[in-house]
Amino acid sequence: MKYKHALFLYPYPEKAVTDTMMLFPPTGLEYVATSAKNHVGKVTLLDLRYEKDLSNIKNLLDFIQREIDIIGISVGWNRYLKEVLDIVKQMPKNIPLVVGGYKATEIVEEIFEDCPPVDIIVRGEGEETIKAILKGEPLEKILGISFRTNGKVIHNEPRSLPDVNSLASPDRTLRRNTYNLMLNGISVANLSFDMVLSARGCPFNCKFCTFSLNPLGQKRAYSARSVESVMQEIEEITANVIFFSDDNFFVDIKRAEKICDLIIARKIKKRFMAQARIEIARYPALLAKMVKAGFKALQIGLESPHDHILTQLNKGFDSDTIRKSFAVLKKYPIYYHGYFIYGNIGETEEEMLYIPKFAKEIGVDSITFQKLRIEKFSPLREIVDKTPGYHVTKRGSLYSDTFRRADLKTIGRKIKFSFYTPSRYVKMFWKSFFVVKLFTLREFVAFLVVAPRLLKSAIDRERKKGRLSNSLKRTFIKNAS
C-alpha cells in the first residue's frame, strides 16, 4: 500500500460549536473513512469536538508528524469557516493534504489560495475518489478532484455519482467517542445519539440551496437506499436516539411508511428524529405510524411567514399552507422544530420580528432562525445585484444600507427573546418529557439532578459574555408575557 496511516479529521473544536452540534457524528466523513479502510494500512478518525488533548494545535501537529502520512479534512459548513481554515493552514507541508466536503466544493479556488498546505480538493461525494487517491493513481486521471501542479490549479472532470446502495455504511468502530446529550459541557442523561443517512439528494429547488449551480460540483438527484439496508443499519446501532439526516426523509411516502412498519414489526425500541417538509401533514396515516414507531421530533424548514419571501426562496408553499399543515401536525405527539430565515431581500424589520409571533400562532415547539446568506453560486445573488442598497460580504453575509450586520444581529436577539420566554421553556420541557416522551423516567430524574448545575452554567456563560443583566431583563421582564 502507498500509505501506511491515514488521518481523517473533523476540524471543529468544542469551543467553536453549539451543544446541538455536539450531538451527532460527522457522518459524511465517516463514509469516506470507511471507504478508505481497505486501501491504506491504518485509518484514524478524529473528531476534534471530543479531543481535549488533540484540539491543541501543537499536540495535533506532533501526533500527525509522528504517525500520519496522508491527511483528509472535512470542510462542510460556513459556520466557523475561518477557524477551520486556520487549522488547515497549519497542517505540515511535507504530508499530502486532501480536503473535501460541501463547503470545500463550493470554494475550491479560495481554499487553494488561502491554504498553501492543501494538495488536493475532492469535489462532491468522496467515497470513490479517496480510493483512487490512496492507491496512488496519477492525479490528472482522478475524476472529481482539483489539485495543484507547477503553481497552477487543475480541475478534473466531475466523477459520476455512485449508486447509494453500493456504499458501505459508516464503520462506527472508527469512533473514539460516543455522542451523548451535553449542555454547557454537562452530561444531562445517559442518552446517546447517532445518524442514519437513508437517502441522498433532494428533488426540490429552494433558492438558498445552491449546490446544483456549482460548475465544479454536482447536485445529487434524489437517490434512496434499499429499505432493508436501512433497517440493517438501524438494528446495529446502539445509540438511544437516531436522526435520519436525509434532506427530507419523507420524499417517498410509501418507503417511509414501510420503514415505520418494519420498525414496529421488529420491535425496535429506539427514538427517531427526521427532517421533513410541511407536506408530511397530508399523510395522517403515516403520522400515526411514525408515533407508534418511535418518531419523537421533526425538523421542518418553514423559512418565513411571508408569502413574498416564500416565493422569493422558491419554497413551493405559502403561509396559509403552513398554518393548515400545523393544524394537522399538532394532533400528533411529535416535537416540531421550525427553521426560519430573516434578513431576506426586501424584508422589513416588522416582518422579521413577526417570525416569533407566527411560530407561536402555528404551534411550533422551538425555532432556529438564521440570517440569509448568499452563497457563491446562489441564484439569489442576481436579485441582490438588481436591488439597490444590498451588499454581500466575501463570506456570503447579506446586509443592506438599512440593515447593517450589527442591526441584523440586534434583530436576531429580539427574535430570540420574543420567542424564548419563560413560558416557552416550560412548554418545551412539558412536551419533551410528558407529551412526546423523548426522555425516559430515569433520564427525567437525571435531568432534575443536574438542573441546578445547568442553570449555573448558563448564568456563568452569559456573565462571561457581558450580557447577563440584559438577558435576564429580556427573558423575565420585557418578554415574560
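Across segment 199-221, the number of residues qualifying as within 18 Å of the chain's Cα centre (by Cα) and among the hydroxyl-bearing types (Ser, Thr, Tyr) comes to 1. Looking only at residues in segment 398-413 that are open to solvent by less than 20 Å² (accessible area, probe 1.4 Å) and not hydrophobic (A, V, I, L, M, F, W, C), which one is nearest to VAL84 (Cα to Cα)? Among them, the one singled out is GLY412.
Scanning segment 135-152 for residues that are surrounded by fewer than 21 Cβ atoms within 10 Å (Cβ to Cβ) and not in a loop (DSSP other than H, G, I, E, B) yields a total of 8. When LYS376, LYS292 are screened for being at pLDDT 95 or above and either closer than 27 Å to VAL436 by Cα or open to solvent by 60 Å² or more (accessible area, probe 1.4 Å) (or both), only LYS292 passes.
Checking each residue in segment 159-173 for being buried (at least 17 other Cβ atoms within 10 Å of the Cβ) and either more than 15 Å from PHE24 (Cβ to Cβ) or modelled with pLDDT under 95 (or both) picks out ARG159, LEU161, VAL164, LEU167, SER169. Which of the residues that make up segment 133-159 are in contact with a Lys or Arg (Cβ under 8 Å, 6 or more places away or on another chain) and either of a type in the set (Gly, Ala, Ser) or within 17 Å of GLY76 (Cα to Cα) (or both)? Correct list: GLY136, GLY144, ILE145, SER146. For segment 163-211, the set of residues classified as out of contact with any strand residue (DSSP E or B) (no Cβ under 8 Å at 6 or more places or on another chain) and in a strand (DSSP E or B) consists of LEU183, ILE186, listed by residue number. Does any residue of segment 84-106 turn out to be of a type in the set (D, E, K, R) and crowded, with 17+ Cβ neighbours inside 10 Å? For segment 84-106, residues of a type in the set (D, E, K, R) and crowded, with 17+ Cβ neighbours inside 10 Å: present.
Looking at ARG271, is it basic (Lys, Arg), within 25 Å of VAL364 (Cβ to Cβ) and open to solvent by 20 Å² or more (accessible area, probe 1.4 Å)?
yes
Being of a type in the set (A, V, I, L, M) and part of a helix (DSSP H, G or I) is the filter; apply it to segment 105-132 and report the residue that is farthest from ASN78 (Cα to Cα). Filtering segment 105-132 for residues that are of a type in the set (A, V, I, L, M) and part of a helix (DSSP H, G or I), the one farthest from ASN78 (Cα to Cα) comes out as ALA132.
Within segment 414-426, which residues are of a type in the set (Phe, Trp, Tyr), out of contact with any Lys or Arg (no Cβ under 9 Å at 6 or more places or on another chain) and buried (at least 17 other Cβ atoms within 10 Å of the Cβ)? TYR420 - this is the single residue of segment 414-426 that is of a type in the set (Phe, Trp, Tyr), out of contact with any Lys or Arg (no Cβ under 9 Å at 6 or more places or on another chain) and buried (at least 17 other Cβ atoms within 10 Å of the Cβ).
Yes or no, residue by residue, for (1) without any contact (Cβ under 8 Å) to a residue 40 or more places away in the chain; (2) more than 26 Å from the chain's Cα centre (by Cα); (3) open to solvent by less than 90 Å² (accessible area, probe 1.4 Å):
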| residue | (1), (2), (3) |
| --- | --- |
| ARG395 | no, no, no |
| VAL445 | yes, yes, yes |
| LYS456 | yes, yes, no |
| ARG463 | yes, yes, no |
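Of the helices (runs of 4 or more DSSP H) that lie entirely inside segment 383-481, those containing 1 or more residues that are at pLDDT 80 or above, farther than 30 Å from ASN78 by Cβ and not basic (Lys, Arg) span 422-430, 441-464.
The values are calculated or read from the model by the stated rules, or taken from the named source; none is laboratory data. Here the structure is a predicted model, which is why all the values come from computation and not from measurement. FYI the Cβ positions are ideal-geometry reconstructions off the backbone, even for glycines, and counts take in every protein chain you see. Heavy atoms of the whole protein, side chains included, go into the accessibility calculation; ligands, DNA and RNA do not. Shrake-Rupley method; radii C 1.70, N 1.55, O 1.52, S 1.80 Å.
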